[in-house]
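Step one of this worksheet: look at the structure below.
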């Protein structure tokens, strides 16, 4: 049961590569957008998720269950008093690196919330890995699962021009908007890794291998990863 993590620069097509890898090996693909959707479902679906122990869960229901369980374990409480989330957490889940680029003192209340939120995300990633057969995108998943057995950690890089073009096509933004978005998220990504892992996200030692969709293309990049897994799709 393969477990693959992909982490890379914004616009580098890590999402597309991850989805293609998941398709080729018959695994679930999980990224921040799916987790955000699961967060929206939690309050309305808690009672509906009391399935029989051996009943098969769809990916959507499985993610909802994992998100709910992780937040319950963390005793996370939002400012609105919601025992699971509080307002806006699905939006927080949707952001690539939710802390932004602010340096904060450990004594601040926001720091406590950020750390608790990070713990929830880490718990979800670990639970997904325990169940296996999953491709996990982003969130420092390579370091959360650093010591998890039989997991392939993949870094994704690409030339800046490729990243800008990908972002423009994906978001319908102008070149100037895409360049600013990439720069802002890159600062956030670096600070996220620095804060939670004391590491730089582009350090090659953090990955088993690195692919470059900007030169290899998405299909070839996915094939290289599948070959590294030793799986015949």
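The values are calculated or read from the model by the stated rules, or taken from the named source; none is laboratory data. Predicted, not measured: the structure shown is a model, and the values here were computed from it. Neighbour counts run over all protein chains shown; Cβ positions are idealised from the backbone, glycine included.
Looking for something surrounded by 16 or more Cβ atoms within 10 Å (Cβ to Cβ), within 19 Å of residue 13 (Cβ to Cβ), touching a residue at least 60 places away in the same chain (Cβ under 8 Å) and touching a helix residue (DSSP H, G or I) at 6+ places or on another chain (Cβ under 7 Å) - is there at least one such residue anywhere in the range 189-198?
No, every residue in the range 189-198 fails to be surrounded by 16 or more Cβ atoms within 10 Å (Cβ to Cβ), within 19 Å of residue 13 (Cβ to Cβ), touching a residue at least 60 places away in the same chain (Cβ under 8 Å) and touching a helix residue (DSSP H, G or I) at 6+ places or on another chain (Cβ under 7 Å).
Any residue in the range 11-23 that's at positive phi: show its pairings with residues that are at pLDDT below 90 at Cβ separation under 8 Å, as long as the two are six or more apart or on different chains.
11/170
Say whether the condition of being in contact (Cβ under 8 Å) with a residue 24 or more places away in the chain, in a helix (DSSP H, G or I) and surrounded by fewer than 16 Cβ atoms within 10 Å (Cβ to Cβ) is met by at least one residue in the range 140-159.
Taking every residue of the range 140-159 in turn, none turns out to be in contact (Cβ under 8 Å) with a residue 24 or more places away in the chain, in a helix (DSSP H, G or I) and surrounded by fewer than 16 Cβ atoms within 10 Å (Cβ to Cβ).
Only one of (1) surrounded by 14 or more Cβ atoms within 10 Å (Cβ to Cβ); (2) under 19 Å from the mean Cα position of the chain (by Cα) fails for residue 171. Which number is that?
Of (1) surrounded by 14 or more Cβ atoms within 10 Å (Cβ to Cβ); (2) under 19 Å from the mean Cα position of the chain (by Cα), only one is false for residue 171: (1).
Is there a residue being in a loop (DSSP other than H, G, I, E, B), touching a helix residue (DSSP H, G or I) at 6+ places or on another chain (Cβ under 7 Å) and either touching a residue at least 12 places away in the same chain (Cβ under 8 Å) or farther than 24 Å from residue 25 by Cβ (or both) anywhere in the range 217-225?
no
Can you confirm whether the range 181-204 contains a residue that is outside any helix (DSSP H, G or I) and more than 19 Å from the chain's Cα centre (by Cα)? Working first, answer last.
Taking the range 181-204 first, the residues outside any helix (DSSP H, G or I) are 198-203.
Within this subset, residues satisfying the condition of being more than 19 Å from the chain's Cα centre (by Cα) are none.
Within the range 181-204, none of the residues are outside any helix (DSSP H, G or I) and more than 19 Å from the chain's Cα centre (by Cα).
Residues to consider are 178, 228, 129; find the one that is in contact (Cβ under 8 Å) with a residue 60 or more places away in the chain and surrounded by fewer than 20 Cβ atoms within 10 Å (Cβ to Cβ). Give the derivation first.
Details: 178 fails: surrounded by fewer than 20 Cβ atoms within 10 Å (Cβ to Cβ); 129 fails: surrounded by fewer than 20 Cβ atoms within 10 Å (Cβ to Cβ).
Just a single option satisfies the conditions, and that option is 228.
Give me the residue from the range 1-24 that is touching a helix residue (DSSP H, G or I) at 6+ places or on another chain (Cβ under 6 Å) and more than 26 Å from residue 163 (Cβ to Cβ) and, out of that set, modelled with the lowest pLDDT.
In this case the residue turns out to be 2.
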